[in-house]
Structure formats: C-alpha cells, structure tokens
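Notes to accompany the following structure.
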Amino acid sequence: MKYSGAFLAVVGVCTVVICAVLLLDRETREQGVNTVFTSWQSNTDEHARLVEHEDETGSQDPQPDRSGDDNGKKVDTGVWPYFGADLPPDRPKLQTCTEPVKHLVFIKTHKTGSTTVCVMLYRFGVTNNLNIVLPSIPVNVGWPFPLRTEDYIPPKDASRHFDLLVDHTVYHRRIMENLMPADSAYIAMLRHPLHHIKSVFNFYNIPKQLNMKAFKNPLEEFLKNPIKYQKPRQKDYKHKPFSFTRNFMAFDLGFPPGLAEDMNAAQAYVERLDREFDLVIILEYLDESLVLLKRTLCWTIKDILYNVFNEAPMYRYEMDLTPEMDSNYRKWSKVDYLLYEHFNTSLRNRISELGGDFPQEVAHFVTVKNRVKTFCEGNDEQMVIPASKWDKEFSVNRKFCFMLKSTRMSYYKYLVKGQVSKELLSKASGRGENKKTQRKKKDAQLMSNRATKQG
Ligand SMILES: *[C@@H]1O[C@H](CO)[C@@H](O)[C@H](O)[C@H]1NC(C)=O
C-alpha cells in the first residue's frame, strides 16, 4: 500500500472543493444569460414552443452544437452564450485619435451596402500591410454562428496579432476581444429597414422560397401578414439560426431572433451597442459616415475613397414601397427599426455636434471621389490631389485604380497566398472533408457565385 487512508481523504476533500469553486465560477458567468432565458421563456406561447423544439433535437444531431455551452439544459440556439451578461468592453470608445487607428472590427451586415465598405477596408489593410482575419472558407468568418478558431486562417506569423476583421461574422464582443487587439475600433453598418428587406427579398429570392411568386408585389403581400407567409421553423434551424425577413440586421449584430418581441431586451441591447461601437455607418448617409470614420480613426481622404460593389442592377420583382408597407414592417421587425432609428439619430447628432466645417469636408470628399473616378476611367498615369484644409496632398495612379476596383474575392485570393502554407490550403480546400465542411463549401460556393454575379 503506497498511500495511507488519511492522504486519500485529503485528496478527496480537495477535489470536491476545487469542483465546487469551478462550478460556482461557471454559475456567475452564466447568470446574465440565465436571466435572459427566464424572462424569455415566460414570454409568449410561440416562444415556449420554440424552446420545446430545441429540447427534442437533443444529442442525436450529427453537427456539433454551436450554440455554446448547453449544459444539458434548455438553451435555445437563438441566444448566444453570455448574451445579456453586461460586460463592459475592455476599452472605452475612441474619443480622439492622434495617429491613424489600424486595429478595427467591421461588422459586415447583410444587404446594407457593406461590401463597398468591406472592400475599402481590405484596401486599407493591404496598403498598410495589416494582418486581416481571412475566413477559412469564403465569405463567412463563422457566420451565422459565433466565430471559432477553425473559421479563420491562422496568421502565418503566430507571434503577430490580427489587425482587421471585416468579413461576415456575428457580433460577439467576448470572442472578438479574444481575437483582436484591445484597442480595436468597432464599426457596423445599417440601412433603412424597408429598403433592407426589399434588397433581401430580391437577393435571396424570398418570394420563391415562400411560394409568393404569383403576387404582383410579393413584399407588400408578405408584410400584410408575415405570420401567414412565414415558413414554419425549419428542421435545420440549428444550422440557420436566423430569419431573413425579421430583424436580420439585428441578428448580425448579435441580437437573438427569439427575443423579437422583447422590446426591453432590445432597448437594452441597442444602448449596449451604442456604448460598444465607435461608429455605425448609415448607408443613406454613406459619405457623411465615411468622413466621420476618417475623423474618428485619423485616416486620410485617400483611405475612404470607395467604389460601389454589389449594387443590384435590377430587381427581379416589382416591389414599390409604400408608407403602409413601412408601418407593417415596423410591426414585424421592431428591433431592426429600433436599431436603425437609434443610430440614424446618433449619426445626425454627432454631425451637428461637430458643426464647424463638417459639411464642407463632406462636399470636398465627394468632389475628390468624383475626380478620382474620372481619372480611373481614363488613361493618365497619375493625378495629384492638392492639399486641402482637411488633408495633405496625395496622388493616385493606375495601381490605385486597380485596387479601388478589385473585388473582395480578389483581395481574399491575393492575401490567402501570402498567409497560407500549401499544406493548410489543401486542407481548407477539402481533402478528407466531413459532411459539415462539404455543406459549408457548398454554401461558400453559392455565396461566391452570387457575389460574382452581383459584383
Ligand atoms: C434618418 O435621419 C434623417 C436625418 O436626420 C431623417 O431625415 C430621417 O427621417 C431619419 N430616418 C428615420 C427612418 O428615422
């Protein structure tokens, strides 16, 4: 006998104590989430049904449960772990900068014109030799799930951190703070919800999905009675935990679809985003937003020049918008409206607080943008933009035009070559792949086909 009974007893007691401490810690961490669950579960009947549905799926699912720490309890995939746990971000908002900010997270919301900004940010990254988080499989970094390590290509130089995260991902502050430098700026983008849903209807061909092709204005019809036309909750909900037609922008920003009717949670969430984001770009005021971005990040006019990408040349359906559709959609996608109105107003307030020469700077930016556009359509080798009150002199050349017009996929392909070893590339392109990567690949293929078509 090597160990005496007393020794074993001590070991046993210690183990119990350690386990208890770990468990307690876990409870503290999850308290915020549980509060949300409780209030949510006591909500409507429909919600109760949704929770039941999740219970049934149980452990039979061949896919790993990506909804997080389910702990064998009722956890709906619509609520991320730690949602509602009110964690202050690691750093306060950027108030003033003295030199260009080169660490940035851009939450690329769908169908908001965000590709235009995303490509501009890729250009900034390449120009400044920054480390960009590249999705393992384009074009999503984990989206529609919280980002995981296998969703991005590891940096070639493991000692160097990432600088930019600009592709589709679900906003999840904790995960992002683990991945990105603590002083990263956080930027998002929104557009008017009614124009947004119109774009979603067109791009994802929702009328076909909902068997509404026969209607003259399928969007108008849908908005009259969304519940009637809404597809029943899909069996593959776990793999598609969002709704195209309801609060889709809020989903990208991390708001759980299951809380669509909980306006207290929504209000609290919007306030939280207001604290955590340095700027929310509004598509309808893109130029104003970008000049504000320039000022917030100490960038130059050259940095914020952009080319418009993915603008649909024509919609498949006639979907004229009416005030009635607006008020109907407002009842259905309450959270998106709340979000949009909040950040539309705060953009406006920030601009009027700035006062001074802000409008003149925007006008100057628009003039420069148009001059560069004309230059890029021509054949001259170089053009100099003289110094202004707001910027030093700079020049553009053919290479700049090439970069301005390069698509997201060309940046991606260019960067992937520099970042990835051959071995990793062949892994990512799928030898010995399982069902999940096959599915993801198919999705990626679809997305990039679409992107090419639209681009
Ligand atoms: C957004 O802000 C602009 C400018 O203040 C305002 O004219 C517009 O009505 C706002 N839109 C919404 C939907 O709040």
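The values are calculated or read from the model by the stated rules, or taken from the named source; none is laboratory data. Keep in mind it's a predicted model, so treat the numbers as computed, not measured. Cβ coordinates were reconstructed from backbone atoms using ideal geometry, including for glycine residues, and neighbour counts include every protein chain displayed. Surface areas here come from the heavy atoms of the whole protein model, side chains and all, with no ligands, DNA or RNA. Shrake-Rupley method; radii C 1.70, N 1.55, O 1.52, S 1.80 Å.
Details
- Per-selection Kirkwood Rh - segment 182-297 (Cα, Å, 1 d.p.): 16.3 Å
- Relative contact order for segment 115-264, counting Cα pairs under 8 Å that sit 6 or more residues apart, in percent: 19 percent
- Using the Cβ-Cβ distance between residue 182 and residue 284 with R0 set to 35 Å, the FRET efficiency works out to roughly 0.60.
- Estimated FRET transfer efficiency (residue 327, residue 409; beta-carbon r; R0 60 Å; 0.05): 0.95
- Pairwise label distance in nanometres, residue 274 with residue 96, each label 7 Å out on the Cα-Cβ vector: 2.4 nm
- Selection of trypsin sites (Lys or Arg not before Pro), segment 337-393, meeting DSSP coil and at most 16 other Cβ within 10 Å: 389, 392
- Computed lengthening from residue 311 to residue 215, 0.36 nm per intervening residue step minus Cα-Cα distance: 32.1 nm
- Annotation: extensible slack from residue 129 through residue 350 equals 76.4 nm (criterion: 0.36 nm per residue apart, minus Cα-Cα distance).
- Sorted largest first by accessible area at a 1.4 angstrom probe radius, with every protein chain in place, the residues 325, 409 fall in the order 409, 325.
- Projected label points at residue 393 and residue 149, each 7 Å from Cα along the beta carbon direction, are separated by 5.2 nanometres.
- Global geometry of segment 119-158, whether rounded, prolate or oblate, following the gyration tensor of its Cα atoms and the 1.5 cut on a/c: oblate
- R0 of 35 Å, Cβ-Cβ distance residue 366-residue 161: FRET efficiency to nearest 0.05: 0.50
- Full extension of the segment from residue 240 to residue 384, taken as 0.36 nm per residue of separation minus the current Cα-Cα distance, would add 46.9 nm.
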